[in-house]
Each structure stands twice: as structure tokens, then as C-alpha cells.
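The values are calculated or read from the model by the stated rules, or taken from the named source; none is laboratory data. Worth saying up front: this structure is predicted, and the values here are computed from it rather than measured. Here the Cβ positions follow ideal geometry from the backbone for every residue, glycine too, while neighbour counts run over all protein chains shown. Keep in mind that these areas ignore ligands, DNA and RNA; they rest on the heavy atoms of the full protein, side chains included. Shrake-Rupley method; radii C 1.70, N 1.55, O 1.52, S 1.80 Å.
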Amino acid sequence: SDFRIPSFLAFISNKALRDFIPRVLFGRVVMADFGKRSEVTINTMGRVNNPSGEGVRAISSELKKKTSSLPIKNNTTSSKGSTGAVHNSVNSSEHETRVKEAGSSRRNITRKKGVGSAQMYNDKNKKQGGAGKAKWGDMLDGSEIDDMCQTLDKKDPLYDDLEEEKFFLSSTDGIEQKANGYDPVAESAIYGPLLTLSEFKIRVSEAVKEYFDSADADEVIRSIEEMKCKPFHPEVVKRAISLSLDEGPRERELISRLLTCLHPNPLEDSEMESGFEILLDSLDDLCIDIPDAKSMVGSFLARAIVDEVLPPAYVSNRNNCHPGDEVVEKAVSLLSREHCTARLEKVWGPGDGRPVSELKQVIDQLTEEYLLSRELDEAARCVREMNAPHFHHELVKRGVKLAMEKDGLDHAATSSSSLDAIAALFSFLVKNAIVSEHQVSKGISRLHKVLPDLTLDVPAAASMLNEFEKMAREGGCVIVSS
């Protein structure tokens, strides 16, 4: 009310403020500064900061040519020069805000689903990960790829008939190869090895270990042929020899015979040579675990040449490529000996699985050589090479019998007698755990059984046997029963 204003203004000390408040309350405030400023429109755009337009070209000749060809939809022209006419001649719809769909308050946004309020963003259906929050999608079994890949028409320029069939590419070296098998999954024939190299090595190792027990070379050949991995055949030579290096003379002799059975089928000459090349190249690693690997591989190499598994030229070619190779020098030395063929047939010693008759001959030669030289270390090495611990009782029997025959009637209880030397030999072998005490006792019991026959050749055989038993007990060769 008007009657209350003076009383209200009486409390205001500032004169300017007392004059301004009534003007605001009754709408009498005049905004002088804003009233002078012209309204910004399409017609006046560009002239706000320069109302006079001085120094600015009104319109170019090129723009006149472009605008003259456009139809004039709005005939209303501005009264301020030609510039306003040019602006009015342009279609006004080009400057309007465009909305994709009705009912949307956002410009230039296309709503794919829903109308009106349904267009608003809702995070309840937002996917978290591959198929939604805490969900897994369908298993990708490859069917979606088949749906995407459509078969081209045969008349299509991009059609390729090779894409209609499934092929497995393999190097043939210019030779037509036969299929090794058929893959039911791929529905196509398989060319090349059926196994990987690591799988092939495992299968060969199992076959060789079984061969050590059965000594059946035909089973090993059958296993190699069934694997159908011809590119990996050189690995058979390396794997077989490497496994035999950890075993005894019997297993090495079996491997030498196996290489003879494998040549020339299924292992050809080139595959045998490649196998020995791989073995010789990896010999440094084998020497870490087996110090005598080079010497034994040299014996394998010489034996293979004698058995005609390798040509003799292989050694000379290897020596030319790797001069000073210890393996090659070992093989050459074995091949240069007199009667090398007969000697290399027994290169692995008497413990190579030979029959009992040959073992008896080895025992006789060993005993005679010892009685002449009296070298305990050499005799012990020969006994180890026999690799026949179950046959040591025969060594005791034949050794004592030979010593009795040498002494005969001239036997005297001296250290130079043959019987004393034999007792010292068995005492040394027992102390070094080469011959067991049980085998010595078994050999003596066998001598008692054949004592009547020994007495015909050596009348003093009974007294000599009793003397040997006494020396054996003193040397610790026989267990003394309490």
C-alpha cells in the first residue's frame, strides 16, 4: 500500500536507495543501457559490434550469383540495405533446430527404441561384460562363423573351387606321397607324420625299453611302421643308442643287433646316417651324465660299419668335416686292428647275452691271463665286463680247478703258488663287492661234488681244496658259521 511506503522509507538513511525502491516496486525502473542495445537477429547478425558497417563489404559478387539462383520463399525484406535482403532470401528452415523425432527435447539424437518417456536412458538393462551382469552368453561353438560365411555362387567372379574342399598342405619334395590315414573330424586324408616329434620320441623310448626285456626286434619294427612318422626315423637311432648307454653290455649288444634289423627297412641309408649325425652332435650333453659316452659311441660306430649298417666312407667324411673328433678316432682304431670283424662282433664283452659255453671260454681265458700276470685290477675289470653276477660260482669252480692242475704234485704252501693267487683274487673281488660271498660258497660246494673226478687228474686235490677253503675264510670270502 502507498500509505505504508513513507513509514518504511523513513528507516533508510541512503537517499539514493530511498529513491530507487519506489521505482522498482511500481515498475518505473528504466534500463537505459540495455535499451540502447539493438536486438540480435538474423538480419542484424554481424552488425552488433559494428552498427555503422564501415569498412565491411556489404556482399560479394560471388555470393550474389549464388543467392540469385535460389528461390525466395520469404518475400519480407529488411529495410536496412541489401544485406538484409540477402539474408531473407535464404531458406529460413536451414537455420532452424532439427529434432529427429517428435516428443524428444534433445537435438540431433536418434532414439532407437521407445517413444516419449521410454526414450530416457535406463541402466537396468545395461550389459555387464559379455552377456549382461553376472551372466554368460551362449557357447561359441563356431556355428556363428558358418552363418556369417555364405557360400559364393559358382558364377561369382570371387568364387574359388578350392574353398569348397578341405586340404592339408605338406611338402612332398617332388614325390607323390600316399595318405597315412584318415581324419574323421576333418573328413580328409592325412599326409605327413601322424604324431608330433615329442610324441614320437616317447613312443620310441617305450618300444626300446620293452625290447630290452623281450629282445624281440620284430616288435620294435612293427611299432615304428605303425607310427607312420618317416620324417622322424633318424631319431630312432639316437634314442636307442642313448638309452643303451645307461645300461649294461647286454643292452648295448641288443641295440647293435636292432640297428642291423632296422636297416634297410624301415630305416634307409640316409636315415641311418642322419641318426648318427644327430647323436654325434648331441654327444657333449650325454658326456655330462655318462663320462664314457664318447668311447661307447665310437664302438657303436665301428660295429655299425662292420655290420654294413653304415658305409665305410661315413667315417672319412665325418673326419673331414670334424677333424680331431674323439669318436671317429676311436672307431678308426677299432677298425684298424687285426681281425677287426671278429673282434667287433664281441666288442661289448662277454656280458652281451652270449650263451653259457662262450662264458666258460671267457672265464678260462681270464683265469689263465691272471695267473700269468697276477694283476688284480685287470682281472677285476674283466669280471665286471662279464656282467653275469649269477654265474660267478662258475668262475670260482673253474679258477680253483685250473690252479690245482697247474700246481699238481709240486704244490707247496708258498705265496707264489697258483692256488694262493686264486685265493687272493677272490678275496680282492669280495672286498670290492664284485663277487658275492654266496657265489664263492656255492662254487666251493660244487668243487666238493666233482672232487672224485678231480682226484683222477690231481691226486692231492682233496688237501688242496681244504687249504683253499682255509685261505678263503681267512680272506673273508666265505661266511664263517657260528
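Would you mind listing the helices (runs of 4 or more DSSP H) fully within segment 266-380 where at least 1 residues are more than 24 Å from residue 242 (Cβ to Cβ)?
Details: elements: 269-281, 283-289, 293-306, 313-321, 326-335, 340-344, 356-373.
Passing ranges, in order: 313-321, 340-344, 356-373.
Within segment 308-341, the set of residues being closer than 18 Å to residue 280 by Cα, surrounded by fewer than 18 Cβ atoms within 10 Å (Cβ to Cβ) and of a type in the set (Gly, Ala, Ser) comprises 313, 316, 324, 333.
With the condition being open to solvent by less than 10 Å² (accessible area, probe 1.4 Å) and either among the aromatic types (Phe, Trp, Tyr) or free of Cβ contacts under 8 Å to residues at least 24 places away in the same chain (or both), I'd like the helices (runs of 4 or more DSSP H) fully within segment 419-482 carrying at least 1 qualifying residues. Outline the logic, then answer.
Numbers: elements: 437-449, 451-457, 461-475.
Counting at least 1 such residues, we get 461-475.
Just one of 223, 270 is small (Gly, Ala, Ser) and touching a helix residue (DSSP H, G or I) at 6+ places or on another chain (Cβ under 6 Å); which is it? Steps first, answer last, please.
On the way: 270 fails: touching a helix residue (DSSP H, G or I) at 6+ places or on another chain (Cβ under 6 Å).
Of 223, 270, the one residue that is small (Gly, Ala, Ser) and touching a helix residue (DSSP H, G or I) at 6+ places or on another chain (Cβ under 6 Å) is 223.
Taken as a whole, the condition of being without any contact (Cβ under 8 Å) to a residue 60 or more places away in the chain, open to solvent by less than 70 Å² (accessible area, probe 1.4 Å), assigned to a helix (DSSP H, G or I) and at negative phi does not apply to residue 400. The set of residues in segment 247-265 being touching a residue at least 40 places away in the same chain (Cβ under 8 Å), assigned to a helix (DSSP H, G or I) and open to solvent by 10 Å² or more (accessible area, probe 1.4 Å) consists of 249, 250, 252, 254, 257, 260, 261. Picking from residues in segment 342-376 that are charged (D, E, K, R) and open to solvent by less than 60 Å² (accessible area, probe 1.4 Å), the one that is nearest to residue 256 (Cα to Cα) is 352.
Right, residue 357: modelled with pLDDT of 90 or more and of a type in the set (Gly, Ala, Ser) or not?
The answer is no for residue 357.
Residue-level check: of (1) within 30 Å of residue 393 (Cβ to Cβ); (2) at pLDDT 90 or above, residue 301 misses just (1).
Within segment 266-294, the set of residues being open to solvent by 80 Å² or more (accessible area, probe 1.4 Å) and hydrophobic (A, V, I, L, M, F, W, C) comprises just one member, 288.
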